[in-house]
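Quick note: the coordinates plus some simple rules give every number you see, no bench work behind them. Please read these numbers as outputs of a predicted model, since none were measured by experiment. Positions of Cβ are backbone-derived with ideal geometry, glycine not excepted, and every protein chain shown enters the neighbour counts.
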Amino acid sequence: MRVRVVVGVGAALLAALPAWAQDYPRPAVPDLDRLTQELFAEIQSDQVPYEDLYETLLQYYQTPLNLNTASREELRGLLLLSEKQITSLLDHRQRQGALLSLYELQTIEAFDLRTIYRAAPFVTAATPSPNASRGPLWQRIAHEENNALFLRYERVLQDRPGYAPPDTTRTGTPATRYLGSPDKLLVRYRVSHSKDFSLGFTAEKDAGEAFRWDPATRRYGADFYSAHLVLQERGRLKTLALGDYQLQFGQGLLLSSGLSVGKGAETITTLRRSSIGVRPYSSVLENTFFRGAAATVAVTSTVRATAFASRKRIDASVQPAQDSLADFSEFSSGLLLTGFHRTPTELANRQVLGETVLGGNLSYGSRRGDLQVGLTAVNTQFDKPLLRRDEPYNAFELRGRRNLALGAHYSYVWRNLLLFGETARSSSGGLGTVNGLLASLAPTVDAAVLYRRYDRNFHTLYGNALSENSRNINENGLYLGLKVRPAARWEVSAYYDRFRFPWLRYQVGAPSAGHDWLLRLTFSPTKTSLLYAQLRQRIKAYDADTLRPVPLPVPTRRRSVLVLYDASPTPALSLRTRVQGTEYQEEGRPARRGYVLAQDVTVQPLRRLRLSARYALFDTDDYDTRQYVFEQDVLYAFSVPALSGQGTRAYLLAQYDLNRHLTLWARYATTHYRHQNTIGSGLEEIEGATRSEVKAQLRYRF
């Protein structure tokens, strides 16, 4: 009876909403551009973790989350569903059984078409099937459809001093040059199946890095390698990871080496984190992962234990000790996170610091999934002590060879409320805590509150909880978020974040405070179009550029406005118009401004061919008013250039399916500056007013 009823409902929905079936198919490639803008909003910064966002979303796209088996924590990790929607889905599963189709989501309370459209590329409603029924692991790998090899090539076309032949300076000393070619190369292979296995490796050489085999200096051809094997759902053994992996527990205060969105136009669902545990790592960021082994075991049906061990070498600036009485011969003055090894100096800092990380997590989750509590321990050991530069703002930074951090996290769902938080203490005695509340005040109103406090001597090397700082240290803050849907197709989202820094920071020579707020109005005229306008303001203190002997922090205000219209007049044509501007003002100085106007066109003239293009005009007074505009790129890559000065930016991206196995991407982008004779500086300086890049990628599906 249940099958006949659901099938009947689905048929009725399809008959009543034929446009939904046509306008909301699972796309060949998810529109990450549009989704990124919805999650991150307009964040004028180069610190946004786009790489992690892409990796997470593409992992979900290639191995969709099964809505019939996913836990509450796994559904939270998707970042696209509200707590009320998750609860409604779990209740529906308990009452009606497994979903027969994604169309059935329309019958579940709290699910709207926009949410279904956003989530559709990353979820499925598959019938659970035991992995053992598919044969041995090697057979499942051999027959897995999600099995592909990627080859990528990139290059800037203009000449730059860093790639010129060796030369000498006026004093006769050798001029600094990059050791390698201007070509950037990437090889990536991955085969995976949801809730079963993931196997992959990555090799990358950045532009300027040499391709060289020299085991004495730990160089084995490409500059960076990564590989992993992850097995899942083997009885009590829930996850086993060998090689490179990531960890996320609680609110990310101690372990959040995966995706973290933070403040954006999605003011509610991205605020809380999920304890998704061990994840495979296949990105090219060279510092946000663990290397070794990790395992999660089900102690009982409600208790899980995770243990992990990691050993790798990382980049650092190592110097000899000046004091002959010191108990160490050399020390590290700081960790280097760029991942570039192009010059002799960068190469000398490559993998000079040994890092060992041991730890674990013990968590309890109730059978209904409404309560989860856990304990986390992370012990980090370096083979050389850390000793920051002797500057006042570094007075409370991590020093020595070891850091032990212990923490506890919780989450509890009660009716339409979600309480969550995490508190931790590092070996320095510093405390960090983040606690929040999400509430569905009405069917069309959601609210969020989050309080955070990170002591000036709180140290966490792999944590990334919500903060205004780039790290969870020296900060107190209160975040208030709101989302209202006053009428069909309309949505208003807003947040206000007040923060304070009790101690000094880099370029801020005294305790300071500030605030950040955002307001976005969104209208969906049709199922395939989107219009929104957004205002954002952030006030933050920086040292004034004066001759005073004592630093004087003054408020600096950044205001930004964004208007975007996205429409698909036909299934083969998509248009996107974007206007954004920024006003930057330091106290006592005139305001400076910058803007960009961009027009995007995506067309699919042939079934196998897809073309995307952009033409943009930008005009900024200086680098402080630079504009970041997300661009479409080849699969698994992203482009967010900083546009500064006056000029134009254009690109053309082509995707062509040669056959069912081979897909080719080709991209050409160029930036032309007005009133400039050179672009960039130092080893990256270009003579002329144009900078052009080419990129090509080939995917072979086995």
Subject >> Value of [θ]222 nm, deg cm²/dmol, for the chain, DSSP H segments ≥ 4, -39500 (n - 2.57) each, nearest 500 >> reply: -3500 deg cm²/dmol
Subject >> Taking N as its residue count, the alpha carbon Rg of region 571-702 over 2.2 N^0.38 Å >> reply: 1.25
Subject >> Radius of gyration, Dmax [the chain; alpha carbons; angstrom] >> reply: 25.8, 89
Subject >> Derived scalar couplings ³J(HN,Hα) [region 141-146; Karplus, 6.51 cos²θ - 1.76 cosθ + 1.60; whole Hz; x for Gly, Pro] >> reply: 5, 5, 9, 6, 6, 7
Subject >> Cα-based shape type of region 481-529, given that a ≥ b ≥ c are square roots of the gyration tensor eigenvalues and the cut on a/c is 1.5 >> reply: prolate
Subject >> Whole-number percent relative contact order across region 396-538, with pairs defined as alpha carbons under 8 Å at least 6 apart >> reply: 14
Original post:
Residue farthest toward the positive end of the dipole of the chain, with Cβ of Lys/Arg at +1 and Asp/Glu at -1: which of Phe523, Phe340, Leu89?
Top reply: Leu89
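Based on the Cα gyration tensor of region 389-511, what are the three equivalent ellipsoid semi-axes, each the root of five times an eigenvalue, rounded to whole Å and given largest first?
34, 18, 9
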Subject >> Those chymotrypsin sites (Phe, Trp or Tyr not before Pro) in region 466-512 that DSSP places in a loop and that have at most 15 other beta carbons within 10 Å >> reply: Tyr506
**OP:** State which stretch of the chain is the longest one without any exposed GluC sites (Glu not before Pro), exposure meaning a DSSP loop state and at most 15 other Cβ atoms within 10 Å.
**Re:** 146-586
**OP:** Treating each Cα of region 495-639 as an identical point scatterer and ignoring solvent, apply the Debye formula and state log10 I(q)/I(0) at q = 0.11, 0.20 Å⁻¹.
**Re:** -0.59, -1.24
**OP:** Please give the contour-minus-distance gain from Trp414 to Arg498: 0.36 nm per residue of separation, less the Cα-Cα distance, rounded to one decimal in nm.
**Re:** 27.5 nm
**OP:** Using 0.36 nm per residue of separation minus the Cα-Cα distance, give me the extension gain between Arg212 and Val640 in nm, one decimal.
**Re:** 151.1 nm
**OP:** Tell me, rounded to the nearest percent, the portion of alpha carbon pairs in region 220-326 spaced more than 25 Å apart.
**Re:** 38
Original post:
Quick one: if you stick a label point 7 Å off each Cα along the C-beta vector at Thr345 and Leu151, how many nm between them?
Top reply: 3.7
Original post:
P(r) for region 319-438: what percent of alpha-carbon pairs falls in each 10 Å bin, starting at zero?
Top reply: 11, 28, 27, 19, 11, 4, 0
Original post:
Going out from 0 in 5 Å bins, what whole percent of all Cα-Cα distances in region 448-530 drops into each bin?
Top reply: 3, 13, 19, 16, 13, 10, 9, 7, 6, 3, 0
Original post:
How do 333-343, 382-392 rank on mean C-beta neighbours within 10 Å, highest first?
Top reply: 333-343, 382-392
Original post:
Do the alpha carbons of any pairs in Lys263/Lys540; Lys195/Lys483; Lys238/Lys263; Lys205/Lys384 sit beyond 22 Å of each other, and which pairs?
Top reply: Lys195/Lys483; Lys238/Lys263; Lys205/Lys384
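Which net charge results for the neighbourhood of Trp665, defined as the other residues with beta-carbon distances under 9 angstrom from its beta-carbon, given Lys and Arg at +1 and Asp and Glu at -1?
Working: positive: Arg152, Arg667, Lys695, Arg699; negative: Asp633.
Overall, the nearby charge balance is +3.
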Subject >> Using θ = phi - 60° and Karplus 6.51 cos²θ - 1.76 cosθ + 1.60, couplings along region 199-208 (whole Hz; Gly, Pro as x) >> reply: 9, x, 8, 9, 9, 9, 10, 6, 4, x
Original post:
So in the chain, what percent of DSSP beta bridges are antiparallel if you round to the nearest 5?
Top reply: 100
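Report Rg/Rh for region 126-261, rounded to two decimals, where Rg is the Cα radius of gyration and Rh the Kirkwood radius.
1.14
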**OP:** Give a quick list of trypsin sites (Lys or Arg not before Pro) in region 220-269 that DSSP marks as loop, anything other than H, G, I, E or B, with at most 16 other Cβ atoms within 10 Å.
**Re:** Arg236
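Treat every Asp and Glu Cβ in the chain as -1 and every Lys and Arg Cβ as +1, leave all other atoms uncharged, and give the resulting dipole magnitude about the Cα centre to the nearest 20 debye.
Dipole of the chain, to the nearest 20 debye: 1620 debye.
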Original post:
If the chain between Ala309 and Leu597 were fully stretched, how many nm would it gain, using 0.36 nm times the residue separation less the Cα-Cα distance?
Top reply: 98.8 nm
